[in-house]
Amino acid sequence: MKKNWFYLLLMLFSVAFVACSEDEEEYVEPQLEVTLHNVSGEWKLQSWANGKPLAEGSYLYLELVRKDATFAIYDNLDSFQTVVTKGRFVIETDPELGAVIRGEYEAGGGDWNHRYIIRSLTAREMVWVATDDPRDVSVYVREEIPAELK
């Protein structure tokens with residue numbers, strides 16, 4: 001009889017340990033290939049400069065258009081009202097860095113301050129790292145640009 005109790009308790013403890021397992025796998029969103037098609041769309045800058053969020057009330061929206069490789073930036077970072085900046089962008093593949101995005105402002109406005117490695121791209125998030133400063137990290141999330149800004 002003692003053996004039966006021992007086995008019964010052993011089974012109960014085994015079931016308890018299995019049922020309370022903390023090894024549940026977290027869902028990891030799949031990475032997308034960095035192509036014009038996959039990066040195109042509307043994005044909102046969520047954080048920059050090593051994860052710092054934008055100041056309260058500040059915003060930056062980025063629209064990347066696949067058809068003609070153009071961009072539009074809608075922001076109020078240096079102004080009290082929305083500033084719209086447009087231009088063209090290119091995605092290149094560097095053998096060492098991977099996918100690199102760079103842009104040129106329209107009307108002779110010059111190049112972007114940095115070229116960016118697209119370090120991560122999912123259906124919902126894109127992470128850029130400046131090629132010349134690995135501390136310069138920008139995180140964009142897919143979000144529709146408000147109609148009043150366009």
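The table that follows gives values for the structure above.
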item: Neighbourhood charge, 13 Å Cβ-Cβ cut-off, centred on residue 93 and excluding it, Lys, Arg +1 and Asp, Glu -1; result: -2
item: In nm, spacing of pseudo-spin labels at residue 142 and residue 70 (7 Å Cα→C-beta vector); result: 2.3 nm
item: Chymotrypsin sites (Phe, Trp or Tyr not before Pro) lying in DSSP loop within region 54-141, provided at most 12 other Cβ fall within 10 Å; result: 80
item: Global geometry of region 36-149, whether rounded, prolate or oblate, following the gyration tensor of its Cα atoms and the 1.5 cut on a/c; result: rounded
item: Total formal charge among the other residues, if their Cβ is under 13 angstrom from that of residue 143, Lys/Arg +1 and Asp/Glu -1; result: -1
item: Solvent-free Debye scattering, log10 I(q)/I(0), computed from the Cα coordinates of region 104-150 at q = 0.19 Å⁻¹; result: -0.80
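Quick note: the coordinates plus some simple rules give every number you see, no bench work behind them. Remember, predicted model here, so these are calculated numbers, not experimental data. Every residue, glycine among them, receives a Cβ derived from its backbone with ideal geometry; neighbour counts consider all protein chains shown.
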